[in-house]
Amino acid sequence: MPIELTDRFARQYGQLSMAIQRKVDKALHLLDKDFRHPGLHSHPIEGASGIFEAYVNRKYRMTFERRKDTFIMRNVDSHDECLRNP
């Protein structure tokens with residue numbers, strides 16, 4: 001499924017360390033192959049209709065929504081910061 005990055009996602013990604021960027025890249029690859037991949041732990045965010053959360057690692061998360069056949073990547077940050085404004 002195609003992946004589109006919002007400006008916010010791209011900006012947040014650019015502020016991450018190279019090590020975390022590589023993990024985000026891997027998570028995006030898994031999302032592209034199968035958004036139900038067990039390593040992503042993808043699930044809807046409670047109280048945010050239509051927005052999903054996926055794990056990058058234990059500390060970092062990314063949020064996305066599905067529009068037709070495209071994943072729109074909304075945010076990537078530490079768990080609490082990412083979910084504060086998914």
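The values are calculated or read from the model by the stated rules, or taken from the named source; none is laboratory data. It should be emphasised that the depicted structure is a prediction, and the values quoted were computed from it without experimental measurement. Cβ sites come from the backbone with ideal geometry, for glycine too, and all protein chains shown count toward neighbours. Note: accessible area is taken over every heavy atom of the protein model, side chains too, but ligands, DNA and RNA are not part of it. Shrake-Rupley method; radii C 1.70, N 1.55, O 1.52, S 1.80 Å.
A few notes on this one:
- Test: Leu83 is surrounded by 12 or more Cβ atoms within 10 Å (Cβ to Cβ) and assigned to a loop (DSSP other than H, G, I, E, B): no
- Counting only residues that are surrounded by 11 or more Cβ atoms within 10 Å (Cβ to Cβ), assigned to a loop (DSSP other than H, G, I, E, B), without any contact (Cβ under 8 Å) to a residue 40 or more places away in the chain and not hydrophobic (A, V, I, L, M, F, W, C), the stretch 1-35 holds 1 of them.
- Enumeration of residues in the stretch 46-86 that are over 12 Å from the mean Cα position of the chain (by Cα) and on the phi < 0 side of the Ramachandran plot: Glu46, Ala48, Ser49, Arg58, Lys59, Arg67, Asp69, Thr70, Asp80, Glu81, Arg84, Asn85
- Looking across the stretch 14-39, the residues that are of a type in the set (S, T, N, Q) and more than 22 Å from Met1 (Cβ to Cβ) come down to Gln15, Ser17.
- Of the residues Gly47, Gly14, the single one that is of a type outside the set (Asp, Glu) and over 16 Å from Asn85 (Cα atoms) is Gly14.
- Residues of the stretch 36-76 satisfying the condition of being open to solvent by 70 Å² or more (accessible area, probe 1.4 Å) and either part of a loop (DSSP other than H, G, I, E, B) or polar (S, T, N, Q) (or both): Arg36, Pro38, His41, Glu46, Gly47, Ser49, Arg58, Lys59, Lys68, Asp69
- Of all the numbered requirements in (1) within 15 Å of Cys82 (Cβ to Cβ); (2) free of Cβ contacts under 8 Å to residues at least 12 places away in the same chain; (3) not hydrophobic (A, V, I, L, M, F, W, C), Pro38 misses one, and that requirement is (1).
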